[in-house]
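Asker: Before I ask anything, here is the structure I am working with.
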Amino acid sequence: MQAAKLELTKKVNKLFRGKLKKTVEKDWKTEYLDKIISIRAVKNVSSAVNHILKYGTMHTDSIITSSKKNAEIFLNGVNSSIAMHNVSTQFADGGEFGFGGEIGISTNKLPPRGPVGIDQLTSYKYLVSGKGIIRP
């Protein structure tokens, strides 16, 4: 099993001409706020969902796949406010959702304050699906 993981890492690194550094646990917990990404090759879509559930921000996650079954597993499995299929995460913006100018983001599920009724206890999850939509 370990050899297969190393082989997958080598395959991914080959795509980037050997410029990738080996990831460590800290990489999955770090939001770099720079042009840095961490890449992990996983065995299947369930492994991807588990990785996101453990390390994700619960804001926006996307899958690129032609498999409707894998897309459904992913969209229903991640605990993100926006789950996307074949759509760039660049569209995770309040303006794109018709909310007007975005004034902030939140990864909290229930932030009620003051008097609380049913509307204040509602959490949303947006499912976005496309066919390779990107922003120019």
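Asker: Name the residues whose placed amide hydrogens come within less than 5 Å of the amide hydrogen of Ser129, ignoring near sequence neighbours (fewer than 5 apart) on the same chain.
Answerer: His85
Asker: By the scheme Lys and Arg +1, Asp and Glu -1, what is the net charge of all other residues having a beta-carbon under 15 Å from that of Phe97?
Answerer: Working: positive: Lys125, Arg135; negative: Asp93, Glu96, Glu102.
For residues surrounding Phe97, the net value is -1.
Asker: Let me ask something additional. Please express the Cα-Cα pair-distance distribution P(r) of region 28-68 as a list of whole percents, one per 10 Å bin, running from 0 to the bin with the greatest distance.
Answerer: 23, 56, 20, 2
Asker: Looking only at the chain, where both bridge partners belong to it, what percent of the DSSP beta bridges are antiparallel (to the nearest 5)? Walk me through the numbers before you get to the answer.
Answerer: Working: 0 of 9 bridges.
Antiparallel bridges make up about 0 percent of those DSSP assigns within the chain.
Asker: Using helices alone, I'd like the mean residue ellipticity at 222 nm for the chain: each DSSP H run of four-plus residues gives -39500 (n - 2.57), total over residue count, nearest 500. Spell out each step's value before the answer.
Answerer: Values: 4 runs with 39 residues, N = 136.
So the helix-based figure for the chain works out to -8500 deg cm²/dmol.
Asker: Between Phe16, Ser123, Phe91, whose Cα lies farthest towards the positive end of the dipole of the chain when Lys and Arg beta carbons carry +1 and Asp and Glu beta carbons carry -1, centred on the Cα centre?
Answerer: After comparing all options, I get Phe16.
Asker: Follow-up question, since we're still on this one. Could you name the lysines in cross-link range of Lys11, using Cα to Cα under 17 Å and dropping any fewer than eight places away on the same chain?
Answerer: Within the straight-line cut-off, Lys11 pairs with Lys19, Lys21, Lys22, Lys43.
Asker: Another one. Using 0.36 nm times the number of residues separating Tyr32 and Thr65, minus their current alpha carbon distance, what extension gain do you get?
Answerer: Values: separation 33, 0.36 × 33 = 11.88 nm, distance 2.65 nm.
So the extension gain works out to 9.2 nm.
Asker: Taking a ≥ b ≥ c as the square roots of the eigenvalues of the Cα gyration tensor of region 1-82, is the shape rounded (a/c under 1.5), prolate (a/b larger than b/c) or oblate?
Answerer: Values: a/c = 1.86, a/b = 1.28, b/c = 1.45.
Oblate shape, in that a/c is at least 1.5 and b/c is the bigger or equal ratio.
Asker: At 0.36 nm per residue, and after removing the present C-alpha to C-alpha distance, how many nm does the segment from Glu25 to Ser123 gain when stretched out fully? Could the numbers behind the result be given before it?
Answerer: Values: separation 98, 0.36 × 98 = 35.28 nm, distance 3.03 nm.
Extending this stretch completely gives an extra 32.3 nm.
Asker: Okay, moving on. Straight-line reach only, C-alpha to C-alpha below 16 angstrom: list the lysines that Lys68 could link to, leaving out same-chain residues fewer than 8 apart.
Answerer: Of all the lysines, those that pass the test against Lys68 - Cα under 16 Å, at least 8 places apart if same chain - are Lys131.
Asker: With +1 assigned to the C-beta of every Lys and Arg and -1 to the C-beta of every Asp and Glu, and no other charges, what is the dipole magnitude of the chain about the Cα centre in debye, to the nearest 20?
Answerer: Values: 21 positive and 11 negative charges, 184 e Å.
It works out to roughly 880 debye.
Just so you know, all these numbers are worked out from the coordinates, no wet-lab data involved. What you are looking at is a predicted structure, and each value in this text was computed from that prediction instead of being measured. Methodologically, a virtual Cβ is constructed for each residue, glycine included, from the backbone with ideal geometry; neighbour enumeration extends over all protein chains shown.
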